[in-house]
Amino acid sequence: MGKEKVFVTKASMPPYEEYIEAIKPLWDSRWITNMGYYHKELEKKLKEYLDVPALSLMVNGHMALELVIQAFDFPEGAEIITTPFTFISTTHAIVRNRLEPVFCDVKASDGTIDETKIEGLITEKTAAILPVHVYGNVCNVEEIQRIADKYGLKVIYDAAHAFGVKYKGIGIGNFGDASVFSFHATKIYNTIEGGAAAFSDQKLYERLYNLKNFGIRGEDLVVSVGTNAKMNEFAAIMGLCNLKHTAENISRRKRCWELYKNNLEKTEGLLLFQENINVEKNYSYFPVLVNGSFHRDRDDLYSKLKENNIYPRKYFYPLTSDEKCFGDKYRKNDLKTARRLAAQVIVLPLYPDLEFDQVDRIIHTIKEM
Ligand SMILES: Cc1ncc(COP(=O)(O)O)c(C=O)c1O
């Protein structure tokens, strides 16, 4: 069997001719950014696909998150309860808004925020809860909303991993006050770089529009201070093309995901996250927990796979709260479970073009240890 390199993911792209054909009109119109035709078209199509009341496209998922937080106008220094078991973007979006992340532990069962620990972290400065549907695993949205309502808090979901996920038949972008998606090249659906915020309050659409376009509302009119976080037309067209192939991509991912699951779920020393029967999955990641009590640990497995030209990722290690840029500032809370998951987790390669024999090779390498 070949030893070609297998990376954790591979960007999904439409057939070359399809994209080239689709971008041709831009050479006539020369309208290649600034909320052009394709930007509007993609906003409409994604609103339908994600089944959400309103959606604002952005240049990337991070800016969507940063601007959604900014749009709520929390007082400087307000506290946001969040998870450290995530990509650094989640935490940076809070910190860059001059707000204080308060880290809450996560559940061993699925890696999402432990809703039973949220109330204990609420103070008079708490303004919002910012949970992450990590790997597309859905947070306990009902309980989180109950807590938010009780204390008058906003809920902003980082749904970067949850494109197309449904909970009890409802599009994941319908929960909380806003949900943010990433369309980065590594995600199950991409616009090269891109992202969006979904929400129901139309006023938020106007506020985000101003924030992402310098507050410009007319040739001679700037109504508020804003930045530049617009998606360009080439990216929007990539999004329109990729959207046509997303269902097929998800079903191809599913086949590899199931092959992994059937072969690894009963392997001694490995644990998989629990599945939620109310969730329609998007098969975006295949995370595995390597139980250190067995004869291998995560780092050994990581090295062994790399020696075999298989490149998994330690998503998410270290916890964002432990990153060098924060020093010891955020290490104080009890994050026992999150720390254990970060030490045990490894994300295996998964993408639509991944071949069954490559999955077999990965499974075989793991089982050989
Ligand atoms: C959990 C999480 N939040 C936010 C982001 C930021 O998204 P983007 O890369 O599109 O800026 C990512 C991914 O990159 C992510 O994985």
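Just so it is clear, none of the values below were taken in a lab; they were calculated from the coordinates. For clarity, every value in this text was computed on a predicted model and none was experimentally measured. FYI the Cβ positions are ideal-geometry reconstructions off the backbone, even for glycines, and counts take in every protein chain you see.
Output the peptides 101-110, 59-68 sorted from most to least packed, where packing is the average of other Cβ atoms within 10 Å over each peptide's residues.
With the highest mean Cβ count within 10 Å placed first, the list reads 59-68, 101-110.
In the stretch 86-108, which residues have a backbone nitrogen under 15 Å from the label point lying 7 Å from residue 328's Cα in the Cα-to-Cβ direction?
Within reach of a label on residue 328, which here means backbone N under 15 Å from a point 7 Å along Cα→Cβ, the stretch 86-108 contributes nothing.
Short version: ³J(HN,Hα) in whole Hz for each residue of the stretch 247-263, in order, from phi by Karplus 6.51 cos²θ - 1.76 cosθ + 1.60 (θ = phi - 60°), x for Gly and Pro, what are they?
Once θ is set to phi - 60°, the couplings for the stretch 247-263 become 4, 5, 4, 5, 5, 6, 4, 4, 4, 5, 4, 5, 4, 4, 4, 4, 8 Hz.
Once you have all Cα-Cα distances for the chain, histogram them in 10 Å bins from zero and send the whole-percent values.
5, 24, 32, 25, 12, 2, 0
Which log10 I(q)/I(0) values, to two decimals, does the stretch 246-367 give at q = 0.14 Å⁻¹ under the Debye formula with one point per Cα?
-0.67
Distances over 25 Å make up what percent of all Cα-Cα pairs in the stretch 61-164?
Every Cα pair in the stretch 61-164 considered, those over 25 Å come to 10 percent.
Cα centroids of the stretch 244-280 and the stretch 1-26: how far apart, whole angstrom?
23
Pulled fully out, how much extra length does the chain show between residue 228 and residue 119, if you take 0.36 nm times their separation in residues and subtract their Cα-Cα distance?
The span from residue 228 to residue 119 would gain 35.6 nm if fully extended.
Arranged from highest to lowest average of other beta-carbon atoms within 10 Å per residue, in what order do the peptides 39-52, 3-16 appear?
39-52, 3-16
Sorted by average packing, counted as other Cβ atoms within 10 angstrom per residue and highest first, what order do 176-182, 90-96 take?
The most tightly packed comes first, giving 176-182, 90-96.
Which of the three applies to the stretch 128-220, rounded, prolate or oblate, going by the alpha-carbon gyration tensor with a ≥ b ≥ c and a/c under 1.5 meaning rounded?
Here the stretch 128-220 falls in the oblate category.
Measuring from centroid to centroid over Cα atoms, what is the spacing of the stretch 65-118 and the stretch 223-241 in Å?
So the two Cα centres are separated by 25 Å.
Can you find, among 75, 271, 108, the residue sitting farthest towards the positive end of the charge dipole of the chain, where Lys and Arg contribute +1 and Asp and Glu -1 at Cβ?
Of the listed residues, the answer is 271.
Roughly how many debye, to the nearest 20, is the charge dipole of the stretch 246-367 about its Cα centre, given +1 on each Lys and Arg Cβ, -1 on each Asp and Glu Cβ, and no other charges?
I would put it at about 360 debye.
As a footprinting exposure proxy, order 149, 201 by other Cβ within 10 Å, with the fewest listed first.
149, 201
So what are the ³J(HN,Hα) numbers for the stretch 81-96, from phi and the Karplus equation (6.51, -1.76, 1.60; θ = phi - 60°), rounded to whole Hz, Gly and Pro as x?
7, 8, 10, x, 8, 7, 6, 4, 3, 4, 6, 4, 4, 6, 5, 5
For the chain, with only Lys/Arg (+1) and Asp/Glu (-1) charged at the beta-carbon, what is the dipole magnitude about the Cα centre, in debye rounded to 20?
Dipole size: approximately 460 debye.
When the helix-only estimate is applied to the chain (DSSP H runs of n ≥ 4, each -39,500 (n - 2.57), divided by the residue count), what is the mean residue ellipticity at 222 nm, nearest 500 deg cm²/dmol?
-11000 deg cm²/dmol
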